[in-house]
Amino acid sequence: MGERTEKGGFPVKKYALTPAEALELGLAQPYAYITRLSRVTVGPTPAQCPLEELLEARFFGPDREVRIYSGEEGLEAVCLEDEEQEDFLTSTCTVRDTRFGKYLTLRRYLGYDEDGQAYIQATRLAGWKGDAQ
């Protein structure tokens with residue numbers, strides 16, 4: 001896998017991956033939000049996801065999100081992983097278009113300013129629920 005270089009000041013472990021590494025790790029996650037040239041899908045992670053047609057992918061589960069996205073020089077990728085001592089809020093949002101499921105779970109990580117005031121520093125997808133689940 002890619003070198004795990006953490007980005008300073010980020011409330012969750014964040015490290016860069018190559019798109020191929022991210023795809024391998026992403027396909028092991030339970031859920032995916034995938035934007036391709038031909039369609040958008042949200043739900044259980046598919047068995048495969050060709051990089052050639054990919055615009056953006058977010059593979060996620062309760063402990064991690066793997067993102068593949070269009071960057072300045074083509075596809076780029078990053079992984080966000082939970083660490084034990086993080087402060088976060090978890091919320092469930094209703095999906096209005098039922099083709100994409102019923103609910104998405106979001107995890108919002110808190111940061112603190114110099115006065116100790118909390119703010120949302122990062123957000124990631126953490127769960128999905130559709131008709132079959």
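Each value in this text was obtained by applying a stated rule to the coordinates, not by laboratory testing. Being a predicted model, the structure only gives us computed values, none of them experimental. Positions of Cβ are generated from backbone atoms using ideal geometry, with glycine treated the same way; all protein chains shown enter the neighbour counts.
Between the labelled values (i) 11.4; (ii) 9.3; (iii) 12.0, the entry that holds mean projected area of the Cα convex hull in nm² as derived from this structure is (ii). Simple rule: put +1 on each Lys or Arg Cβ and -1 on each Asp or Glu Cβ in the chain, find the dipole, and look at 120, 37, 62; the Cα lying farthest toward the positive end is 37. Given C-alpha coordinates of segment 13-81, what is the ratio Rg to Rh with the Kirkwood estimate of Rh? Rg divided by Rh gives 0.93.
Counting only aspartates and glutamates at least 8 places from residue 102 when in the same chain, those with an alpha carbon closer than 12 Å to its own are 131.
Taken about its Cα centre, the chain carries a charge dipole of roughly 760 debye when the Cβ of each Lys and Arg holds +1 and the Cβ of each Asp and Glu holds -1.
Mean-square fluctuations from a GNM of the chain, with a 10 angstrom spring cutoff on Cα atoms, peak among 58, 99, 107 at 99. Sequentially through segment 15-27, phi angles give Karplus couplings (6.51, -1.76, 1.60; θ = phi - 60°) of 8, 7, 9, 6, x, 5, 5, 5, 5, 4, 5, x, 5 Hz, Gly and Pro residues having no value and appearing as x. Within the listed set 50, 30, 19, the residue fluctuating most in the Gaussian network model of the chain (springs between alpha-carbon atoms under 10 angstrom) is 50.
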